[in-house]
Amino acid sequence: MLFAGKKVLVTGAASGIGRATAIRFAAEGAEVTIGDINAAGLAETAAHMARPPRQQLFDAADAASCQALVAAAATEGLDVLCNISGILQWGPSEEFAVADFARVLAINTTSVFALCQAALPHLLASGGNIVNTASTAGLQGTAYSVAYAASKHAVVGLTKSLAVEFAARGVRVNAVCPGQVRTPMTQGRPPLGEIDWALVMRNAPKLADGICAPEDVAEMFAFLASARAGKITGAVFAVDGGQLAG
């Protein structure tokens, strides 16, 4: 088993990519802590896991809550942090509230820093690693998604910067950039306002049936967190059905 005896923290585990990733790590023998603001979703995830996880409620918009989650997960050490919590809020930029912009960055970016910062002392002790969630929206401009794209570009920069700072101290930091994925977050109602859907669809996957399942993305999390990726740090990997190919 890839992660036998390893202690792993997965955020955003109540659904979608976070749920699939938690299930994947447990199947590979990890002792997993799952965190989310959704208690019912965490319980449902736990019911699908091969090993019972530690369940911890937390609010990604609250730095103290992020720190408490890491403390709970690391009571006996920590080997892997998977930052997957996030929100998607989009719509015409002329009508996008500044308060909403700030909230997207708080949950998608500031929380990632807070969790990484809290986890680093434990990961330095274990020689562990971090896998963050960026997005294809963190690698290109995306119409009507200015807040989300800004937050994910920031995660790419955060990932690369931490990788440079901690490489010589034995901690790897990488990021996964999902494209279109079938999750509750992406299947919500479209925003109000004038939307040029042809412009939105310029970012469609190129593969036939190229929209990913959460399990497709979870595979990349497991790979990057494993010893098989021991020479990989500061990298961002798109799992996008060819969305960025051209």
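The values are calculated or read from the model by the stated rules, or taken from the named source; none is laboratory data. This structure is a prediction, so every number in the text was calculated from the model and none was measured. Using ideal geometry, Cβ is built from the backbone for each residue, glycine included, and neighbour counts are taken over all protein chains shown.
Being crowded, with 21+ Cβ neighbours inside 10 Å and touching a strand residue (DSSP E or B) at 6+ places or on another chain (Cβ under 9 Å), is that true of even one residue in segment 139-149? The answer is no; no qualifying residue exists. Could we say that Asp196 is charged (D, E, K, R) and modelled with pLDDT of 95 or more here? No, not satisfied.
Scanning segment 135-144 for residues that are of a type in the set (Ser, Thr, Tyr) and modelled with pLDDT under 95 turns up Thr142, Tyr144.
Filtered by the rule that a residue be part of a loop (DSSP other than H, G, I, E, B) and either crowded, with 24+ Cβ neighbours inside 10 Å or not hydrophobic (A, V, I, L, M, F, W, C) (or both), segment 3-25 gives Gly5, Lys6, Gly12, Ala13, Ala14, Ser15.
Scanning segment 214-246 for residues that are at pLDDT 95 or above, loosely packed, with under 13 Cβ neighbours inside 10 Å and not in a helix (DSSP H, G or I) gives Gly230, Lys231. Just one of the numbered conditions (1) crowded, with 24+ Cβ neighbours inside 10 Å; (2) part of a helix (DSSP H, G or I) is not true of Val156: (1).
Let's see how each residue does on (1) touching a Cys at 6+ places or on another chain (Cβ under 9 Å); (2) touching a residue at least 24 places away in the same chain (Cβ under 8 Å); (3) within 27 Å of Cys66 (Cβ to Cβ); (4) not charged (D, E, K, R):
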position	(1), (2), (3), (4)
Ala118	yes, yes, yes, yes
Gly128	no, yes, yes, yes
Val131	yes, yes, yes, yes
Ala134	yes, yes, yes, yes
Gly141	no, no, no, yes
Gly157	no, no, yes, yes
Arg169	no, yes, yes, no
Pro178	yes, yes, yes, yes
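Applying the condition of being among the hydrophobic types (A, V, I, L, M, F, W, C) and in a loop (DSSP other than H, G, I, E, B) to segment 135-153 and asking which residue is nearest to the chain's Cα centre (by Cα) yields Leu139.
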